[in-house]
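Have a look at the structure below, then the notes.
Every number here is computed from the coordinates shown, using simple stated rules; none is lab data. Note that the coordinates shown come from a computational prediction; the quantities given were computed from them, not determined experimentally. Don't worry about glycine lacking a Cβ; one is built from the backbone with ideal geometry, like all the others, and counts go over all protein chains shown.
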Amino acid sequence: MKKIFSLFVAMFVLVAVSYAQKGTLKFTKETHDFGKVEQGKPVTYVFTFKNTGTDPVVISDAQASCGCTKPSWTKEPVMPGKTGTVSATYNAAAMGPFNKSVTVMSNGETPNIVLYLKGEVVSKEEAEKAAAAGAKKGTK
């Protein structure tokens, strides 16, 4: 009787574990810092993810924290082991620092994942100085 009970418990656990596995979105990074960006020039970052789970993942929606950020995403199912993207464009209209988020909703193991964009919107002159300083730093 004890063996039958143990066998039943083992089978129950195996079935429960196999049903619990879903698609899993694994983003290469969840925050992007644009640094200094020129006012009025929209900037875009493409977040890449891999489905590390066992089932296909479908992103049902991606919602930005405000109207100044526009998300787009892979619309078709992402099969296990394959990659997809979530793109976010910030309009850079208002001067000053910004911290924006995009909430990605899917049928994955974690149904809501939040991605972040940050940076500082500056004048054209200041953006050019920052770009020149970055170029100099890269040549040393």
Potential extension, Lys75-Lys41 segment - 0.36 nm per residue separation minus Cα distance: 9.6 nm
Proxy reagent accessibility, fewest Cβ within 10 Å first, across Thr52, Thr74: Thr52, Thr74
D (Stokes-Einstein, µm²/s), Kirkwood Cα radius, the range 23-139, 1.567 mPa s at 4 °C: 85 µm²/s
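Can you sort Val46, Val37 from fewest to most other Cβ atoms within 10 Å of each residue's own Cβ? Before the final figure, lay out each step's value.
Numbers: Val46 11, Val37 20.
So the ranking, lowest neighbour count to highest, is Val46, Val37.
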